[in-house]
There are 2 protein chains.
Amino acid sequence: MMDNGMKLYVVGFGPGSANMMTLEAQTAILESDMVIGYTAYVDLIKPLFPGKIYNATGMRQEKDRVQMAFAAARQGQTVSLICSGDSVVYGMAGLVWECSEAYSEVEVIIVPGVTAALSGSAVLGAPLTNDFCVISLSDLLTPWEKIEKRLLGAAMADFVVALYNPASSKRQDYLARACDILLKHKSADTVCGIVRNIGRNGEERRILTLSELRETHVDMFTTVFIGCSETKVIQGKMVTPRGYKDV
Amino acid sequence: MMDNGMKLYVVGFGPGSANMMTLEAQTAILESDMVIGYTAYVDLIKPLFPGKIYNATGMRQEKDRVQMAFAAARQGQTVSLICSGDSVVYGMAGLVWECSEAYSEVEVIIVPGVTAALSGSAVLGAPLTNDFCVISLSDLLTPWEKIEKRLLGAAMADFVVALYNPASSKRQDYLARACDILLKHKSADTVCGIVRNIGRNGEERRILTLSELRETHVDMFTTVFIGCSETKVIQGKMVTPRGYKDV
């Protein structure tokens, strides 16, 4: 542990409401002089923690954000770099470690948070009560061929799948392409669920089959769940049993 | 929404410390008259929330616990059924929905929490900053053949893998068996990490290769992480990059 006061928290704040943050995440932001994040995330957090210095940058400026955070921490400010959901799962923590060698005097503390696979599950019922995969459909940073291979592996091994970034304005047909791959090894009747604006105003949920999902338009605020062969609908909820009932 | 006051919260309380619970989880337990859970979890939570009625039962008594919870809720008590980590991921939420049809007058509210894949990641560095799988090595409720198929699928598709329940007194060699399957498609040098007692007294972490992991003894308080082909060690941390640095 370093005690020079140079501290950088990488904070996963969950879906965006105060009650879905951990106390550790709240304490980190309260203790910070400066809060840095993607514009949309700063807009969510600013009203909850007034009186901080906020620095927001746009998408694709992740490296600038991390370097700004380290530079401020090195000047003696306590900094929170904020991520929605968890700070590791498609968050900034990996990049922070990649850049950390140039700022070794700064203490880095990773603060985990409730990622959309978990908060979305709670809305849908209990889709992830057995082995599961999390896959992002964004091919900005991962080649599409690798994403296809992971979808195919997940379908062959009968995992429940949570899809992040299922669409964007430039990737309108990616969810349909993903469904086509999953349909090679999963039944068209597989129970699926979509959740939009988890834990925020306008939260929406829908349960549907994999073949219906293939024809469904979703946006970047949506998380998609595809069941395994055991997933079923109980009382309108998407539920993957784990066998406890038969013990 | 029902308003008869019959409420059952299924609460994921995270690793066990108060500061890693969400405010929503804390509020649910504070609002409850009765808290029900597995003995070891009740021991963790009881000191944090004195003045509640606690009911603890042992392992393999999941169905009893759920029925006790529904019965108490139907009698007008507000009940929290508690799970470590998340309430859906290998938690009680699935079984609650399976039993819910007999208690349709009780309102069920699933409260998500920080599962060990996330809290363990924060301790190790950032292993899950790309697509990942969560697999339990317990074959109490899932046939070992199915677990093997998932390990193989995960290795073939180059996922990062988080292993839950990697061992028990009766399953001493399961981690070695899992490593043998992963080694069919992952390099012996693959970066791995183990975390024990996450967020609790005596927390331990270790970073090692997949071939070293194969020879390592772990217990049921341990979560195991196996990297993908891109995972590396940076400043003693296990980090899976996501390409932001090269943008």
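The values are calculated or read from the model by the stated rules, or taken from the named source; none is laboratory data. Small disclaimer: the values here were computed from a predicted structure and weren't measured. Methodologically, a virtual Cβ is constructed for each residue, glycine included, from the backbone with ideal geometry; neighbour enumeration extends over all protein chains shown. Remember, those area values only see protein heavy atoms, side chains included, never the ligands or the DNA or RNA. Shrake-Rupley method; radii C 1.70, N 1.55, O 1.52, S 1.80 Å.
The accessible area of residue A:43, taken with all protein chains in place and a 1.4 Å probe, comes to roughly 100 Å².
Computed 3J(HN,Hα) for the range A:66-75, one whole-Hz value per residue from the Karplus formula 6.51 cos²θ - 1.76 cosθ + 1.60 where θ = phi - 60°, is 5, 5, 4, 5, 5, 4, 5, 5, 5, 7, glycine and proline marked x. Measuring label to label, 7 Å along Cα→Cβ, what does residue A:204 give against each other copy in nm, shortest first? Result for residue A:204, in nm, nearest copy first: 5.1.
For residue A:75, the point set 7 Å out from Cα toward Cβ sits 6.2 nm from its twins in the other copies, listed from shortest up. Applied to the range A:190-198, the Karplus parametrisation 6.51 cos²θ - 1.76 cosθ + 1.60 on θ = phi - 60° returns per-residue 3J(HN,Hα) values of 3, 6, 10, x, 10, 10, 10, 6, 4 Hz, with x for Gly and Pro.
Cα centroids of the range B:145-161 and the range B:221-236: how far apart, whole angstrom? Cα centroid to Cα centroid, the span is 16 Å.
When the accessible areas of A alone and B alone are added and the area of the pair subtracted, with a 1.4 Å probe, the result is around 6500 Å², both sides summed. For A:3, B:180, B:131, the ranking by accessible surface with the largest value first comes to A:3, B:180, B:131, using a 1.4 Å probe. Just how many % of Cα pairs in the range A:117-239 lie over 17 Å apart, if you round to the nearest whole percent? Beyond 17 Å sits 50 percent of the P(r) for the range A:117-239. Largest GNM mean-square fluctuation across A:63, A:186, A:232, computed for chain A with C-alpha springs under 10 Å, falls on A:63. How big is the Cα convex hull of chain B in projection, averaged over all directions, in nm²? Average projection, Cα convex hull of chain B: 14.8 nm². The count of lysine pairs in chain B whose Cα atoms are under 21 Å apart, excluding pairs fewer than 8 places apart on the same chain, comes to 13. Interface residues of the range A:83-97, defined as those with an accessible-area decrease of at least 50 Å² between the chain by itself and the complete set of protein chains (probe 1.4 Å), are A:88, A:90, A:97. Surface calculation, 1.4 Å probe, protein heavy atoms: residue B:101 sits at approximately 120 Å² accessible.
Legend: translational diffusion of the range A:7-114 by Stokes-Einstein, Rh = Kirkwood radius over C-alpha pairs, 25 °C, 0.890 mPa s; D = 185 µm²/s. Counted over the range B:131-201 with a bin width of 10 Å, the fraction of Cα pairs per bin, in whole percents, is 18, 54, 25, 3.
Taken over the protein assembly as shown, the percentage of Cα pairs per 10 Å bin, counting from 0 up to the bin with the maximum distance, is 4, 21, 32, 28, 13, 2, 0. Note on chain A: with a GNM built from Cα contacts shorter than 10 Å, the maximum mean-square fluctuation among A:230, A:145, A:62 falls on A:145. Here, the range A:78-145 yields an orientationally averaged convex hull projection of 6.6 nm² when only Cα atoms define the hull. Given a Förster distance of 22 Å, report the FRET efficiency between residue A:60 and residue A:173 from their Cβ-Cβ distance, rounded to the nearest 0.05. So the FRET efficiency works out to roughly 0.50. Note on the range A:120-168: the C-alpha convex hull projects to 3.8 nm² when averaged across all orientations.
Distances, shortest first, from the label point of residue A:61 to those at the same position in the other copies read 5.7 nm; the point lies 7 Å along Cα to C-beta.
Using the Cβ-Cβ distance between residue B:71 and residue B:40 with R0 set to 25 Å, the FRET efficiency works out to roughly 0.60.
The residues of the range A:56-211 have, on average, 33 Å² of accessible surface per residue, using a 1.4 Å probe with all protein chains present.
With Cα atoms defining each centre, the range B:27-64 and the range A:1-39 are spaced 29 Å apart in the structure. Here chain B has 49 percent of its accessible surface on carbon and sulfur atoms, given a 1.4 Å probe and all protein chains in place. Spacing of the modelled spin labels on residue A:180 and residue B:184, each 7 Å from Cα toward Cβ, amounts to 2.9 nm. Go ahead and set up a Gaussian network model of chain B, Cα springs under 10 Å, then flag whichever of B:59, B:92, B:220 fluctuates most. With Cα springs under 10 Å in chain B, the top fluctuation among B:59, B:92, B:220 is at B:59.
Assuming 0.36 nm per residue, please report the length gained on full extension of the stretch residue A:206 to residue A:33 beyond their Cα-Cα distance. Answer, rounded to one decimal: 58.2 nm.
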